[in-house]
Amino acid sequence: MVLDRKKVACSLQVGGKFLPQVEEFKYLGVLFTREIVVNEVNFVRKCISAESSQDDLWGKLICTNFKVSFIPQDAPTKQKSKLSHLLLGEHDIPLTCLEQVVTVNDTKGKKKVLGSNQKLKFNPTELILYCKDLRIIRFCFDEAGPESAKKVCLAIAHYSHPADLQLLFGFEYQGRRYHEFKGEQVNGSSPRGGLQTPIFDRPSDWDREIKRTGASEWRVCSINEGYAISQSLPEYVVVPVSLADQDLKKYSIFFTDQRIPLWCWNHPNGSALVRMTSINDPLQQKKIDQRIFTAITKSHPQRSEVIKSDLDKCLPTILDIQCAFVKIRQICVIDPFEESEERWLTSIENSRWLEYVRAFLKQSAETVYLLDGKNASVILQEEEDRDLCCVVSSLVQLMLDPHYRSLIGFQGLVQKEWVMAGHRFLDRCNHLKKNDKVESPLFILFLDCVWQMMNQYPAAFEFTEAYLTVLSDSMWIPLFSTFLFNSPKQRAQHLMDFAKNKAIPQGEDQVVFFPPVWNWSQQFSTKDQTLFNNPMYVGKGAACVQNGEVKSFRRTKKNYSSTLRGTPSSMRNGLRGGEETLPRRGSLMSELKPDFSVVKDESPSERFFRDWFSRPADQQGVLIPLLIPSHVVLWKLFFLRWVPEACIHKGGPVTAYHKLSQLVDEIELLQIHLRRYKGPSPCSTPLPSPSGPPSDQRRMYFKASSPNDPPTPPEYLTSSFPFTPVGNLCRRSIHGTPISKFLNGARIWLSTETLANDTV
Amino acid sequence: MEKQAGAAGAADGAGPNRKPWGSPTSGPAAGDSLDSPTGSHVEWCKQLIAATISSQISGTVPPDIGNRDIKAGRRPDFLQDSQDEMHCYHGEGDSEHPSNASNLPALRYGAQVRMAQNQVPLLPGETIQTTVEDVMYICPFSGLVNGTLTITDYKLYFTSVERESPFILDVNLGVISRLETISVSNQGENTKGLELVCKDMRSPRFAYKTEKSHLDVVEVLAKHAFPLSHSLPLFAFLYKEQFPVDGWKVYDPVAEYRRQGLPNESWTISKMNSTYELCDTYPSILVIPTNITDEDIKRVAVFRAKHRIPVLSWIHPESQATIVRCSQPLVGPSDRRCKEDERFLQIIMDANAQSHKLTIFDARQSSVAVTNKAKDGGFESESFYPNVELNFLEIPNIHVMRESLRKMKDVVYPTIDEAHWHSAIDLTHWLEYIRLLLAGAAKIADKLESGKTSVVVHCSDGWDRTAQLTSLAMLMLDSHYRTLRGFQVLVEKEWISFGHKFAARVGHGDENHANSERSPLFVQFIDCVWQMTRQFPAAFEFNELFLITVLDHLYSCLFGTFLYNSEQERTAKEVQPKTMSLWSYINSQPEDFTNPFYVDYEHHVLYPLVSSRHLELWSSYYARWNPRMRPQVPVHQTLKELLILRAELQRRVEELQREASSHSLSSSSEHSTSPSHTTGTPLHSVV
């Protein structure tokens, strides 16, 4: 069954609006045009609840070259509480999202984890799919033909281990999409499809960043054009003006993979953040270090010192991180719920995941001290500069520069410090399932760190935890270029071959023919995308719109330029015209009374942090996370969203989000009214969020309540919102165990009536 | 603590016309302001400040009062420029918007503070007992602080001006559990060390020279910290405050039962216990079945421990299923029966037409219930009580809870072991017991709501675990109890009137700290409530500050609310005429204790998720004295700002509408429809 999905694919590109037939096709099973059904089996039962089989769905299980799809016989009841994905149905799992394919034969008591090209000596009665997004999906074959069931299982296992990157469905999909979409492309529209996220694949993106941060003593260098020097660096990098291309070429041979030091960011005080590999030749190390240090010092307006911090020495390795993630996943979703309830906190501690989150936050906070408090430039050094450095450099920038806490800023940061800096997404995600030893969830660790900061400073980020979670899920959908490659060079090569194969004209922009994940209308409707907007951030921005009218309330973007040392404000001009310069907390130290000393033997960094924490946090200024263990907590939405037993009905943080969103929506409506009364005026036009839709569109998911619409959060809200555990986590071992058993000695706590009501 | 906390608040709340209320007194203490990165936002300040009432009143101190030292005098000003290192809060640029003042309304009610010569703020009725110079406060975070210690009949007040910013530690005496001498040999001869072990999870330490003091510090402290052991009155009887609202009027049992639809044909409001003859630990007004004679009730009373007969606590508005509470039946080793008791439960069952069953929840561990038979107690036998189902909730006793919280103190004070924080919490089992309690209450609520079955709840005496379970179940079932006033009623009713032995469990004014009757059962209950507010952030009208304030005054002996063990004792001691109610204070400034997220989940039964995954250590209460435990920026702070903005915008829209309508009728009619849509929103706002 191959349905042509041409219309659908087109409508998605228009964004926002999609045709009614998509909805219908969803449960019929929609295949993309080039998607091929490899195998299918009928009369399969998808397990919905571990408690009983009464809610289970019957239908057809299909394996294609893109996904595992289950098509229920009956039309599903529409679930209001779910984010609906435009490219994937409710029961679809992309093959790249599969972690483990396990077949079970109940009667024989056999179980086998299937790999590529394997044989299966028994007829499976069950198929359990462990997914990288932490779902566990279970199918039973009690009524299905045993041979076809076996074939489908083998096909799923085989196709989830692609031999080659080009076999990932994204290549088929984007090739087709390009040609279908092309006809509709209006000439003269912006070549990158209106995408505002800087990709950092061209000098202009770097130039803008240099200007924005006032890094006047740094320049864009193009010696790596065509990847002539390093295989893993981007074509354009930023270097100190005092280093000539010739010197850089000369030095490059001493660095791992010829990665010359990479500029990340400049503090308004002139200090720079630089990342660098280790130097191979111990004899040359000192000399090269010296040269690099001197050059960086020269680029600092005060010629401040340069401090090198060796991340390999003070942070867990990528293997440690993988190991911690495996453990915490085990505790959160795989272990039977009741068992893991016992000594829960101890198990979390033993996984060490939170300890590592703290370690990265701490390392980053200390770097913030060096840059902001000590006014020194910092080199982050790591053997290859492609893993730990990505996490630390991006966290440091998030802490210091509020620009990166906007949606576009954050996406640009990921482009700059991860994608372009050559983080090995292909290996770390293990998309090809070739080598488990290189797999490591560094990007997820980074997202968790961001979440911790968001949790501590709820108004500081433009985006929400739902956004971070959706972003993490997108890693496992192989349709976007962002998470598929190990380096910009690898991307360029693959996309060149791809363009050739798909007859895409030379010179066409990669970002157009194989778009990154940042174009969210590929995946979600405009309405669903509003779940990414943080009402607290947007609300304050809204207040900003009325600046001058509502004087009592404005975003606290103070200009600290008078206290900034050294950098004339003109150098810090914004990247967008009229945008404020970076708000800075600035030189706090100089304002302190010299005799102010409280703690004996306090180090300057301790003093810096104590001083920072003693002040109210300016959420639009420098942010330093609290690192004590009581304040670094489990990211529940990410780790527990699929766990039905952990789902709070009618509760969870979303109920507060609901109220805030309604309030902000109401504020925006009031502002529209005000503007209407006042007529057009200069202060009514600009909206603070460049990513947001035009001002006449509402930016909140939950609209202001009306008299017909009671203020109580809707019944369907749960702590898992906008995700739903229904059918997404079905552990095998617990058959017929009521949720209740976990209580010490106590037998049941909710009667079956309540449970029945809740599972709907 | 710290002056800074109070002072910070002052800066915030100080509008042009408002006197700063923080300066001369302190917040409660906490951490030592001098030491460390600690808290700085409004809520936190408020919480700390609320910890002692003295801080709340300081607002009325005239800033120009005579012979104040320079530092104290200029404090409100320098706060504005962020000089002071701790607890100072400016919010996000709130210094710029005057409306922000309403974020932190001064706590108005609380008295004219008299300032004694030495800058100690005093409550009305409070007198200084002694002042000792040259005392060292041994701060666990920043070392020694030298200063002056003043002891009044209500508090201990330590000030130091030796450092850049003044340091104040203010501990009310009621919170002191015991006084211990400690070794301070390194401080030289004639120096004594003193540790105040407190009920609220801290233990400040001092060192002082013995020769310098006329009166022995320990003696004075002991006398006023434990007045009952020294034949002195509790401070609540000396406190002379005028509040505009009378908190004693919050709870009227007849009105509360009327709200529940009582009396009805099956249940009656009885005055049988009006002289406390039937049961001396029960309130005078009880709800009992209509169809039972006084004689039968008296026989039931004999069969129930401490004569605590089954009485109605709550009735389901639709199904008429009830929560009935009592004590254990005195079945004893020989399995005694009481046919009146059996009939009594039958009548309770029959009063609910929806179900032909009755469920008894015995809070105890089943093994303990069995052991109790040997002590003449026991539990209902299912064979003697037809259609009755007995469930044990397996909750350990008060001694286990006391020990658990003691362990918790070691985990959170004075320092925490970062590497083993989580496992250390697990080892206290505190959260496990919270889980058991919430699970038990959820079972009770579910039995009523889904099973439409009446329940009888008891433990041994029916005043500890029973109160915890019934009040938590009622909080889940009845949205009225989730309001600020409703919660006060719940506490007054299920805890205070039904004879939770507050005096014995807390040990007000009593020096016998080792008394095995003491146990933090009420703290545990408030913790459970807090866990529910975390899971349902929009369902409760009160906020965290309210819960912390309630707990602080559980110990402080400033208000009469939690004094004594029973209604009878309180009547005898004339608590109502002679003391203030905590609710007078709370309800005189309810906006401070209101949750801005609140939306009324009317008719919603809310079951908290009883899983370790969602239970958290309430570190902003237990660990608040640790300066590194600064709480996170609360979301509701932003919400309050947004509410202010909305109010401002609404005002402007209305203004413009009026203008427009006066200018041109046609244009106003054009616009009039849409704004009404937005302004009519029922979002609950406290601005």
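The values are calculated or read from the model by the stated rules, or taken from the named source; none is laboratory data. As the structure is a computational prediction, the values presented were derived from the model and not from experiment. Here Cβ is always computed from backbone atoms with ideal geometry, including for glycine, and neighbour counts include all displayed protein chains.
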Residue under evaluation residue A:616, criteria (1) closer than 20 Å to residue B:640 by Cβ; (2) within 7 Å of chain B (Cβ to nearest Cβ); (3) not in a loop (DSSP other than H, G, I, E, B), criterion not met: (3)
Subset tally (residues that are more than 7 Å from chain B (Cβ to nearest Cβ) and either in a loop (DSSP other than H, G, I, E, B) or modelled with pLDDT under 90 (or both)) for region A:629-643: 7
Unmet requirement for residue B:209, which otherwise passes all of (1) at pLDDT 95 or above; (2) in contact with a strand residue (DSSP E or B) (Cβ under 7 Å, 6 or more places away or on another chain); (3) among the basic types (Lys, Arg): (1)
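Hey, among A:582, A:623, which residue is part of a loop (DSSP other than H, G, I, E, B), modelled with pLDDT under 50, buried (at least 20 other Cβ atoms within 10 Å of the Cβ) and hydrophobic (A, V, I, L, M, F, W, C)? Even if it seems obvious, please write down each step before you answer.
Working: A:623 fails: modelled with pLDDT under 50.
Checking each option against the conditions leaves just A:582.
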Region B:519-563: number of residues that are assigned to a helix (DSSP H, G or I) and either in contact with a strand residue (DSSP E or B) (Cβ under 9 Å, 6 or more places away or on another chain) or under 28 Å from residue B:600 (Cβ atoms) (or both): 27
Of the criteria (1) assigned to a helix (DSSP H, G or I); (2) within 11 Å of chain A (Cβ to nearest Cβ), which one residue B:452 fails: (1)
Hits in region B:564-599 (condition: in a loop (DSSP other than H, G, I, E, B) and more than 14 Å from chain A (Cβ to nearest Cβ)): B:564, B:565, B:566, B:573, B:574, B:579, B:580, B:581, B:589
Index of the failed condition, residue B:460 passing every other in (1) in contact with a Leu (Cβ under 6 Å, 6 or more places away or on another chain); (2) of a type in the set (Gly, Ala, Ser); (3) assigned to a loop (DSSP other than H, G, I, E, B): (1)
Selected residue (only one of B:435, B:406 is closer than 28 Å to residue B:629 by Cβ, within 14 Å of another protein chain (Cβ to nearest Cβ) and of a type in the set (Lys, Arg)): B:435
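Among B:431, B:469, B:448, B:437, which is within 27 Å of residue B:604 (Cβ to Cβ), assigned by the TED database to the domain that holds residue B:313 and touching a Gly at 6+ places or on another chain (Cβ under 6 Å)? Let's see the steps before the verdict.
Values: B:431 fails: touching a Gly at 6+ places or on another chain (Cβ under 6 Å); B:448 fails: touching a Gly at 6+ places or on another chain (Cβ under 6 Å); B:437 fails: touching a Gly at 6+ places or on another chain (Cβ under 6 Å).
So the residue among B:431, B:469, B:448, B:437 that is within 27 Å of residue B:604 (Cβ to Cβ), assigned by the TED database to the domain that holds residue B:313 and touching a Gly at 6+ places or on another chain (Cβ under 6 Å) is B:469.
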Answer residue from region B:271-301, given it is under 30 Å from the mean Cα position of the chain (by Cα) and polar (S, T, N, Q) and is nearest to residue B:466 (Cα to Cα) among those: B:281
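Identify, from the list B:169, B:194, B:232, B:221, the residue that is of a type outside the set (Phe, Trp, Tyr) and either surrounded by fewer than 20 Cβ atoms within 10 Å (Cβ to Cβ) or modelled with pLDDT of 95 or more (or both). Explain how you work it out, then say what you get.
On the way: B:169 fails: either surrounded by fewer than 20 Cβ atoms within 10 Å (Cβ to Cβ) or modelled with pLDDT of 95 or more (or both); B:194 fails: either surrounded by fewer than 20 Cβ atoms within 10 Å (Cβ to Cβ) or modelled with pLDDT of 95 or more (or both); B:221 fails: either surrounded by fewer than 20 Cβ atoms within 10 Å (Cβ to Cβ) or modelled with pLDDT of 95 or more (or both).
Residue meeting the stated conditions: B:232.
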Cβ pairs under 7 Å, 6+ apart, first in region A:469-490 and over 30 Å from residue A:455 (Cβ atoms), second of a type in the set (D, E, K, R) and assigned to a helix (DSSP H, G or I): A:481/A:491; A:485/A:491; A:486/A:427
Qualifying residues in region B:436-489 (those that are of a type in the set (Val, Ile, Thr) and within 23 Å of the chain's Cα centre (by Cα)) - the one nearest to residue B:355 (Cα to Cα): B:470
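Just checking, does region A:356-379 include any residue being outside any helix (DSSP H, G or I), closer than 22 Å to residue A:450 by Cβ, away from every other protein chain (no Cβ under 14 Å) and touching a Ser or Thr at 6+ places or on another chain (Cβ under 7 Å)?
First pass over region A:356-379, keeping only residues outside any helix (DSSP H, G or I): A:374-379.
Checking which are closer than 22 Å to residue A:450 by Cβ leaves us with A:378.
Checking the rest, the ones that are also away from every other protein chain (no Cβ under 14 Å) come to A:378.
Keeping just the survivors that are touching a Ser or Thr at 6+ places or on another chain (Cβ under 7 Å) gives A:378.
The answer is yes, given that some residue of region A:356-379 is outside any helix (DSSP H, G or I), closer than 22 Å to residue A:450 by Cβ, away from every other protein chain (no Cβ under 14 Å) and touching a Ser or Thr at 6+ places or on another chain (Cβ under 7 Å).
Taking the stated definitions as given, is residue B:400 modelled with pLDDT of 95 or more, surrounded by fewer than 19 Cβ atoms within 10 Å (Cβ to Cβ) and among the β-branched types (Val, Ile, Thr)? Spell out the reasoning first.
Numbers: modelled with pLDDT of 95 or more: yes; surrounded by fewer than 19 Cβ atoms within 10 Å (Cβ to Cβ): yes; among the β-branched types (Val, Ile, Thr): yes.
The answer is yes for residue B:400.
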Check on residue A:391, part of a helix (DSSP H, G or I), within 14 Å of chain B (Cβ to nearest Cβ), on the phi < 0 side of the Ramachandran plot and buried (at least 22 other Cβ atoms within 10 Å of the Cβ): no
Residues of region A:218-247 that turn out to be surrounded by 20 or more Cβ atoms within 10 Å (Cβ to Cβ) and either acidic (Asp, Glu) or in a helix (DSSP H, G or I) (or both), as a count: 1
From B:254, B:245, residue being assigned to a helix (DSSP H, G or I) and of a type outside the set (Asp, Glu): B:254
Residue match in region A:647-664 (condition: within 12 Å of chain B (Cβ to nearest Cβ), touching a helix residue (DSSP H, G or I) at 6+ places or on another chain (Cβ under 9 Å) and modelled with pLDDT under 85): no
Flag if residue A:440 is in contact (Cβ under 8 Å) with a residue 12 or more places away in the chain, of a type in the set (Gly, Ala, Ser) and touching a Cys at 6+ places or on another chain (Cβ under 7 Å): no
Hey, residue B:168 in a strand (DSSP E or B), in contact with a helix residue (DSSP H, G or I) (Cβ under 8 Å, 6 or more places away or on another chain), more than 30 Å from residue B:416 (Cβ to Cβ) and not assigned by the TED database to the domain that holds residue B:629 or not: no
The one condition in (1) part of a loop (DSSP other than H, G, I, E, B); (2) small (Gly, Ala, Ser); (3) surrounded by 23 or more Cβ atoms within 10 Å (Cβ to Cβ) that residue B:125 fails to fulfil: (3)
Per-region count, region B:600-611, residues surrounded by 22 or more Cβ atoms within 10 Å (Cβ to Cβ) and either more than 7 Å from chain A (Cβ to nearest Cβ) or of a type in the set (Ser, Thr, Tyr) (or both): 3
